[in-house]
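Just so it is clear, none of the values below were taken in a lab; they were calculated from the coordinates. Remember, predicted model here, so these are calculated numbers, not experimental data. A quick note on method: Cβ atoms are made from the backbone with ideal geometry, for glycine too, and the neighbour counts reach across all protein chains shown.
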Amino acid sequence: MSDQKNDQKGKPSAGNQLVGNTVRGFIKQHNASVSSLLHTGRGVKKVSRDEIELAVTVVMVDIANSDQNFCTNEYVMIQNGLRRLFGTDKTKVPKLVQEAKQIIANMRGATSFRETLRDGLDIQQKLAVVECINELIDADGAQDGFEIYLKQRLRAALGLPDDDAATPPVDSSGKK
């Protein structure tokens, strides 16, 4: 007796082929959409490397200053982050940090710089910036609540989920 799903020669029926083609088409379209988001970023604009480098510096200095204690370890983390992200020379870092401090002193927030990063970076670059921010926050040995808040605002502005969104919920018994 033949299977209802297959014809007499063991090939899928026309109905199964149609469903299979529809599913394959849906998967192909979905993968193309995801690939587009991952590789080109959402709305990546032509922003110069210098603009992005300054924007990262402003955001990092803003976070480092948020606890009123911009320590040497935080400066080193900014320097290392800029070198890792952009290949920034050590001699350029003090100029960038000073420019960032002046910008911060004359503005109410870093929104326009977060928008530059949102629009100018792809998803992998955004994640690399957030990784540098995490290292910066940990640099002085104390995670200030306002630093965490600024990091969460940055993640939201970049279109990234909150850190806690990636963590599975814990039930009341303490099990994951």
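Miscellaneous remarks
- Part-to-part distance (alpha-carbon centres) for the range 127-152 and the range 103-126, which is given in Å: 15
- Annotation: amide H of Gly159 has no partner in the under-5 Å range at sequence separation 5 or more or interchain, hydrogens built in the peptide plane.
- Relative packing of peptides 52-64, 93-105 - highest average C-beta neighbours within 10 Å first: 52-64, 93-105
- Coupling constants for the range 127-132 follow from the phi torsions by the Karplus curve (6.51 cos²θ - 1.76 cosθ + 1.60, θ = phi - 60°), and in residue order they are 5, 5, 5, 5, 4, 5 Hz; glycine and proline get x.
- Computed from backbone phi, the HN-Hα couplings of the range 136-144 come to 4, 4, 7, 4, 8, x, 9, 8, 6 Hz, rounded to whole numbers (Karplus: 6.51 cos²θ - 1.76 cosθ + 1.60, θ = phi - 60°; Gly and Pro given as x).
- Overall form of the range 66-128 per C-alpha gyration tensor (a/c, 1.5; a/b vs b/c): oblate
- Here is the tail figure for the range 49-161: Cα pairs spaced more than 20 Å apart come to 31 percent of all pairs.
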